[in-house]
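Visitor: Shown below is the structure under consideration.
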Amino acid sequence: MSSQQLAALYNAAPNILWVEDLLTSTYLDAIWQHDRLVKMYVGGGHETLEAVVEDARRSGHPRVFALRDRDFGPTNRHRWSEPSLRLFVLDSFEVECFLLDPPALAACRVNTSSHDEAWILEHLREQAAGQLWWMACRKVIAELRESRQRYFPSHPTPGQVTCREQAERVLLDSDWVKKTAPGLGPRVREHQIHEDLATAHAWYRERLRLGDGWMREFSGKELLNDLLTRLYTKGRPRGTAAVLDLAKAVAEQQRSIGRVPDELAELRRTIRSRPAA
């Protein structure tokens with residue numbers, strides 16, 4: 001993309017926010033009431049978003065930001081106020097979790113089945129209970145991936161390695177070789193996998209027991225897709241149009257009844273108030 005095309009892209013609004021998918025942009029656009037100060041583009045996965053934001057910074061576009069799901073990684077919500085931060089990571093598991101809002105779902109225009117709030121909450125809880133081992137397995141896989149990458153050595157700078165001895169020291173002195181690699185074996189032994197799965201399962205089961213906060217910790221996408229077919233029974237469009245329509249309907253209702261998620265209200269304020277440089 002040429003510098004002129006890039007400038008046109010980023011001059012479309014005072015603030016640019018790259019997101020992972022169309023559902024995210026559709027929902028945020030609706031929940032933020034088509035905010036003319038924040039223009040959204042769909043950028044794809046985590047690595048792409050990080051690269052796009054870094055490229056914008058280097059190109060002199062400081063008000064270009066990105067938002068990604070937390071998934072099984074850490075949030076950086078505690079750092080959202082830092083002026084240098086441009087890639088925001090949700091506190092909730094993923095954007096679909098915000099749509100798991102029984103009062104808004106029950107009252108929204110696409111609930112053509114007329115299921116009430118209590119039915120929706122109980123159905124979501126039942127579906128989540130059936131996902132406990134699935135979520136536990138995914139959590140352990142994510143933790144293994146993170147363990148494998150921890151302390152992984154970065155490439156040396158130019159001039160840092162000019163002989164074999166220096167090359168060996170970069171590798172052999174790295175914390176990955178000293179700490180991570182020796183620890184990977186025990187992490188994948190049968191008894192440890194068994195223990196890690198049991199721990200993760202107990203964690204999700206406890207979240208489900210402690211109230212409605214679990215809806216921010218489970219994978220919302222699958223729960224939402226199942227619920228969609230049970231609520232939106234009349235006049236439902238085909239394919240992705242149905243879930244996008246649901247996202248807009250829930251956002252409209254959340255605004256109407258004062259249930260805009262605090263996390264998303266904070267994100268909007270943070271982006272709009274960020275200094276120019």
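The values are calculated or read from the model by the stated rules, or taken from the named source; none is laboratory data. Please read these numbers as outputs of a predicted model, since none were measured by experiment. Please note: Cβ atoms are built from the backbone with ideal geometry, for glycine as well, and neighbour counts cover all protein chains shown.
Visitor: Considering each of 118, 136, 167 in turn, give the residue that is aliphatic (A, V, I, L, M), in a helix (DSSP H, G or I) and surrounded by fewer than 13 Cβ atoms within 10 Å (Cβ to Cβ).
Guide: Answer to the check: 118.
Visitor: Just to be sure I understand the filter: pairs with C-beta atoms under 6 Å, separated by 6 or more residues or on different chains, first member in segment 143-161 and farther than 12 Å from residue 181 by Cα, second member among the small types (Gly, Ala, Ser). Which pairs pass?
Guide: Close Cβ pairs (under 6 Å, with a partner that is among the small types (Gly, Ala, Ser)) amount to 161/167.
Visitor: Does any residue in segment 189-210 that is in contact (Cβ under 8 Å) with a residue 60 or more places away in the chain come within less than 7 Å, Cβ to Cβ, of a residue that is surrounded by fewer than 15 Cβ atoms within 10 Å (Cβ to Cβ) and among the aliphatic types (A, V, I, L, M) six or more places away or on a different chain, and which pairs are these?
Guide: 208/129
Visitor: Scanning for something more than 21 Å from the chain's Cα centre (by Cα) and buried (at least 17 other Cβ atoms within 10 Å of the Cβ), does segment 215-230 turn up at least one residue?
Guide: No.
Visitor: Restricting attention to segment 148-159, does a residue exist that is modelled with pLDDT under 95 and either β-branched (Val, Ile, Thr) or crowded, with 20+ Cβ neighbours inside 10 Å (or both)?
Guide: yes
Visitor: Also: Can you tell me how many residues within segment 234-277 are within 17 Å of residue 29 (Cβ to Cβ) and exposed (fewer than 15 other Cβ atoms within 10 Å of the Cβ)?
Guide: Total satisfying the criteria: 6.
Visitor: Looking only at segment 104-113, decide whether some residue is surrounded by fewer than 15 Cβ atoms within 10 Å (Cβ to Cβ), at pLDDT 95 or above and more than 17 Å from residue 251 (Cβ to Cβ).
Guide: The answer is yes; a qualifying residue exists.
Visitor: Could I ask something else about it? Is it the case that residue 132 is aliphatic (A, V, I, L, M), in contact with a Cys (Cβ under 8 Å, 6 or more places away or on another chain), modelled with pLDDT of 90 or more and more than 17 Å from residue 71 (Cβ to Cβ)?
Guide: Judged against the criteria, residue 132 is not a match.
Visitor: Considering only segment 36-52, how many residues are charged (D, E, K, R), closer than 18 Å to residue 271 by Cα and under 14 Å from the mean Cα position of the chain (by Cα)?
Guide: Final tally of qualifying residues: 1.
Visitor: Within segment 14-23, can one find any residue that is in a strand (DSSP E or B), touching a residue at least 12 places away in the same chain (Cβ under 8 Å), surrounded by fewer than 22 Cβ atoms within 10 Å (Cβ to Cβ) and touching a helix residue (DSSP H, G or I) at 6+ places or on another chain (Cβ under 8 Å)?
Guide: Checking segment 14-23: at least one residue is in a strand (DSSP E or B), touching a residue at least 12 places away in the same chain (Cβ under 8 Å), surrounded by fewer than 22 Cβ atoms within 10 Å (Cβ to Cβ) and touching a helix residue (DSSP H, G or I) at 6+ places or on another chain (Cβ under 8 Å).
Visitor: Considering 66, 30, which residue is out of contact with any strand residue (DSSP E or B) (no Cβ under 6 Å at 6 or more places or on another chain), within 27 Å of residue 96 (Cβ to Cβ) and surrounded by 14 or more Cβ atoms within 10 Å (Cβ to Cβ)?
Guide: Going through 66, 30 in turn, just one is out of contact with any strand residue (DSSP E or B) (no Cβ under 6 Å at 6 or more places or on another chain), within 27 Å of residue 96 (Cβ to Cβ) and surrounded by 14 or more Cβ atoms within 10 Å (Cβ to Cβ): 30.
Visitor: To continue, here is another question. Return the residue satisfying two criteria in turn: it lies in segment 24-52 and is part of a helix (DSSP H, G or I) and of a type in the set (D, E, K, R), and of such residues it is modelled with the highest pLDDT.
Guide: 29
Visitor: I need the full set of residues from segment 166-205 which are hydroxyl-bearing (Ser, Thr, Tyr) and modelled with pLDDT under 95, in order please.
Guide: 174, 180
Visitor: Please enumerate the residues belonging to segment 198-254 that are more than 23 Å from residue 75 (Cβ to Cβ) and either touching a strand residue (DSSP E or B) at 6+ places or on another chain (Cβ under 9 Å) or charged (D, E, K, R) (or both).
Guide: 226, 230, 234, 236, 238, 245, 248, 252
Visitor: What number of residues in segment 86-103 are closer than 18 Å to residue 125 by Cα and surrounded by fewer than 19 Cβ atoms within 10 Å (Cβ to Cβ)?
Guide: So the count comes out to 1.
Visitor: May I pose another question? Residue by residue through segment 228-277, note down the ones that are outside any loop (DSSP other than H, G, I, E, B), at pLDDT 95 or above and of a type in the set (Gly, Ala, Ser).
Guide: Residues satisfying the conditions are 241, 242, 247, 249, 251, 256, 265.
Visitor: Among the residues of segment 53-77 satisfying the criterion of being within 15 Å of the chain's Cα centre (by Cα) and part of a loop (DSSP other than H, G, I, E, B), which is nearest to residue 275 (Cα to Cα)?
Guide: Looking at the filtered set, the residue picked out is 76.
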